[in-house]
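The values are calculated or read from the model by the stated rules, or taken from the named source; none is laboratory data. Because the structure is a prediction, the values reported are computed rather than measured. Glycine also receives a Cβ, built like all others from the backbone with ideal geometry; neighbour counts cover every protein chain displayed. To get the accessible areas, we keep the full protein, side chains included, count just its heavy atoms, and leave off ligands, DNA and RNA. Shrake-Rupley method; radii C 1.70, N 1.55, O 1.52, S 1.80 Å.
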Amino acid sequence: MKKTILLMILFLFFLINLPDQSHAAAGQSKIILDGQEVILPSDVQVTVINKHVMVPIRVVAENLKFGVDWDQKSHSVTIQQNSKIISLHVDQREARVAETPILLDVAPQILNQSVVVPLRFVSEQMGLAVSWDNKDKIVYLTTSTNNSAQTEASTPHSENSEQVSLTHISEINFLNNQLVVSMNGIVTPIISNLKDPNRIVIDLPNTTFGDLSQPLASGSMAKLDVSGQPNVSEVRYSLFNRDPDQIRIVIEMNRDSIIQVNHEFIGDQLIIDLNDTGDFESPIQEPLAGERGRKIVVIDPGHGGSDPGTISISNKYEKDFNLALSLKVQELLLKEPEIEVLMTRDSDVYPTRTERVQLANTLNADVFVSIHGNSVLESPQANGTETYYYQRSSSKQLANAIHKRLIKAMGLKDRGVKDKSFQVIRETKMAAVLLEIGFLSNISDEKAMLSNTVQYKAAQAIVDGIKEYLSIK
Ligand SMILES: [Zn+2]
């Protein structure tokens with residue numbers, strides 16, 4: 001009997017010292033958050049498990065001023081980020097983000113009494129830009145509140161941010177002017193536009209081929225079947241470089257036209273969108289509805305789907321308020337014969353901010369209006385309406401035209417028109433504003449904002465402001 005217990009203890013001992021965990025980063029690891037070193041308790045480390053960089057979640061979350069709760073009984077961690085609640089379980093790959101289940105690369109684990117989670121989770125679910133310096137064992141975290149978020153496609157910053165492991169490419173497809181690359185990680189593509197012949201070269205640093213569903217032909221080069229793709233004559237890919245490994249994809253274009261290339265990650269897929277601008281001389285697109293002489297207005301109800309935005313004082317979601325008001329704006333704009341109205345969403349779904357920007361830019365819209373509700377849970381007395389624009393004078397003009405009417409319609413405190421760098425108004429190319437209609441965290445603001453009658457007044461104010469800006473009577 002005693003022997004069995006001893007064996008069990010020994011067994012447990014070995015379980016705890018799994019080989020994967022034992023080569024947890026030796027030496028000092030560091031976490032740099034927005035340029036400042038995060039002080040790690042002496043036994044807390046950044047570690048590498050199954051080739052995934054794991055970071056201590058409590059230290060990270062606390063330094064970001066998020067609420068963190070550890071439930072000993074269920075072995076679960078709850079992180080409260082504004083209104084978003086993230087819950088993780090030790091040894092379970094499934095986590096929940098705002099009620100939506102997501103799958104982690106590696107389950108959270110307990111190491112030296114602290115819970116570590118994959119770095120990629122921190123980047124994707126907590127909205128931080130991350131990179132990992134494998135040589136010096138440094139994790140760099142950057143919050144995205146006032147960054148110029150989008151990584152430039154052409155800036156290879158791979159010297160510092162060396163991936164700890166190779167990302168495996170499992171599939172490459174080309175359809176409808178989009179190249180879709182499936183992989184088990186995230187890489188920053190380096191995209192170059194080359195001439196003679198007109199081609200786009202996409203380099204994927206630190207990548208190699210995984211279980212490719214399509215076979216590689218002789219050697220390590222292969223071509224995709226692009227028959228039926230009018231703009232493209234060839235798409236080929238190869239393991240271009242070894243050590244560090246790098247896959248290169250080349251798209252040869254049929255025509256000498258200017259190509260705008262956009263890229264983004266949706267899940268594990270890198271999507272590279274080729275926008276044929278049609279003309280070599282003038283890259284300016286014909287306005288979509290221009291022939292009919294109508295102005296294009298894009299209304300953007302903030303958040304949606306898995307992203308609820310803020311939560312109001314009576315527990316209503318900002319996303320629902322944004323949509324309710326936006327649909328009223330749409331309803332009124334549909335009656336305007338000189339305006340074509342388009343919505344970035346008209347139901348409870350979440351387009352990314354990049355997708356919202358792309359929609360407006362692709363449409364060559366004249367006006368972009370993003371609708372939000374504000375909130376400061378810690379100070380429920382904060383109240384009022386504010387309108388944001390970013391730098392452009394056209395945006396400022398639109399902001400002023402809408403704001404003065406919105407103040408009257410809402411009857412809330414006037415917090416003014418402000419210049420601030422939000423992605424959707426920074427990266428859109430037309431007159432663009434972001435409206436913070438009022439504070440959902442304030443009792444009387446919330447009451448006005450959730451009233452149908454007031455929403456119609458606000459919608460009319462927004463429409464009238466847009467019309468003034470567009471000089472429509
Ligand atoms: Zn919002």
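At-a-glance table
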| quantity | calculated |
| --- | --- |
| Meets criteria (more than 15 Å from the ligand (Cβ to nearest atom) and crowded, with 22+ Cβ neighbours inside 10 Å) for LEU342 | no |
| Residue that is farthest from the ligand (Cβ to nearest atom), among those in the range 301-324 that are surrounded by 21 or more Cβ atoms within 10 Å (Cβ to Cβ) and in a loop (DSSP other than H, G, I, E, B) | SER312 |
| Count of residues meeting criterion [outside any strand (DSSP E or B) and open to solvent by less than 20 Å² (accessible area, probe 1.4 Å)] in the range 93-105 | 1 |
| Selected residue (criterion: nearest to the ligand (Cβ to nearest atom)) from residues of the range 388-397 that are open to solvent by less than 60 Å² (accessible area, probe 1.4 Å) and under 23 Å from the mean Cα position of the chain (by Cα) | TYR388 |
| The range 325-339 - residue that is of a type in the set (D, E, K, R) and not in a loop (DSSP other than H, G, I, E, B) and, of those, farthest from the ligand (Cβ to nearest atom) | GLU331 |
| Condition broken by LEU440, with the remaining ones in (1) within 16 Å of the ligand (Cβ to nearest atom); (2) open to solvent by 20 Å² or more (accessible area, probe 1.4 Å); (3) more than 21 Å from VAL298 (Cα to Cα) satisfied | (2) |
| Residues located in the range 359-385, provided they are at positive phi and either surrounded by fewer than 18 Cβ atoms within 10 Å (Cβ to Cβ) or aliphatic (A, V, I, L, M) (or both) | ASN364 |
| Residues located in the range 224-241, provided they are in a loop (DSSP other than H, G, I, E, B), open to solvent by 40 Å² or more (accessible area, probe 1.4 Å) and closer than 13 Å to ASN173 by Cα | ASP225, SER227 |
| Boolean, ALA431 is in contact with a helix residue (DSSP H, G or I) (Cβ under 7 Å, 6 or more places away or on another chain) and either among the hydrophobic types (A, V, I, L, M, F, W, C) or open to solvent by 60 Å² or more (accessible area, probe 1.4 Å) (or both) | yes |
| Complete set of residues in the range 433-473 that are basic (Lys, Arg) and either more than 15 Å from ARG405 (Cα to Cα) or in contact with a strand residue (DSSP E or B) (Cβ under 7 Å, 6 or more places away or on another chain) (or both) | LYS447, LYS473 |
| Any pair with Cβ under 8 angstrom, 6 or more apart, that starts in the range 29-50 at a residue that is farther than 25 Å from THR167 by Cα and assigned by TED's automatic domain parsing to the domain that holds ALA61 and ends at one that is small (Gly, Ala, Ser) and surrounded by 11 or more Cβ atoms within 10 Å (Cβ to Cβ) | LEU40/SER29; PRO41/SER114; ASP43/SER114; VAL44/SER114 |
| Single residue of the range 247-295 satisfying the filter (open to solvent by 40 Å² or more (accessible area, probe 1.4 Å) and polar (S, T, N, Q)) that is modelled with the highest pLDDT | GLN269 |
| Residues (within 13 Å of ILE249 (Cβ to Cβ) and in contact (Cβ under 8 Å) with a residue 60 or more places away in the chain) located in the range 165-198 | ILE169, ILE172, PHE174, GLN178, LEU179, VAL180, VAL181, SER182, MET183, VAL187, PRO189, ILE191 |
| Some residue of the range 410-427 being within 16 Å of the ligand (Cβ to nearest atom), among the small types (Gly, Ala, Ser) and either open to solvent by 30 Å² or more (accessible area, probe 1.4 Å) or not in a helix (DSSP H, G or I) (or both) | yes |
| Number of the condition not met by ALA431 [criteria: (1) within 16 Å of the ligand (Cβ to nearest atom); (2) touching an Asp or Glu at 6+ places or on another chain (Cβ under 9 Å)] | (1) |
| Tally of residues being among the hydrophobic types (A, V, I, L, M, F, W, C), at pLDDT 75 or above and part of a loop (DSSP other than H, G, I, E, B) across the range 162-185 | 1 |
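Per-residue answers, yes or no, for (1) in a strand (DSSP E or B); (2) modelled with pLDDT under 75; (3) among the β-branched types (Val, Ile, Thr):
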residue	(1), (2), (3)
ILE86	yes, no, yes
ASP91	no, no, no
ALA107	no, no, no
VAL115	yes, no, yes
THR151	no, yes, yes
THR155	no, yes, yes
ASN160	no, yes, no
